[in-house]
Amino acid sequence: MKNYQVTVLAFAYEDMQSIKDFYDKQADHLGNYFVNSILTDIESLSFYGGIHQKYFGLYRMLAKRFPYAIYYDIEDDRVAVYAVLDLRANPKTNSEKLMNRL
């Protein structure tokens, strides 16, 4: 089994920060719970990177506890996380966001 180095790109970090801010307004500590949950999912890509289906030209892993998708690509021995996007959003909107990041 291959062991990848995982990198979260600035776009994905910004996605997580804005989602965290949203959840912080909903309940105390929910934003931190979201970030910890998503980071755990992202860390798992070091072992499971590349097993997911591709959507919009990138691999897509579904988050375990929140309705979000983690979009990533593999470059040599590195997994690059491009986006963390809401699955409830219009697919066209998500597609446009991803195309602007590639």
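Quick note: the coordinates plus some simple rules give every number you see, no bench work behind them. This is a predicted model, so every value here is computed, not measured. Because the Cβ atoms are built from the backbone with ideal geometry, glycine has one as well, and the counts that use them run over all protein chains shown.
Data overview
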item	result
Pick from segment 76-102, criterion hydroxyl-bearing (Ser, Thr, Tyr) and assigned to a helix (DSSP H, G or I), ranking: nearest to ILE42 (Cα to Cα)	SER95
Options ASP24, ASP28, ASP73; residue that is in a helix (DSSP H, G or I) and of a type in the set (Asp, Glu)	ASP24
Any chance MET61 is outside any loop (DSSP other than H, G, I, E, B), loosely packed, with under 14 Cβ neighbours inside 10 Å and in contact (Cβ under 8 Å) with a residue 12 or more places away in the chain	no
Close pairs (8 angstrom Cβ cut-off, 6 or more residues apart or separate chains): under 23 Å from LYS64 (Cβ atoms) in segment 81-102, among the polar types (S, T, N, Q) and part of a strand (DSSP E or B) anywhere	VAL81/THR7
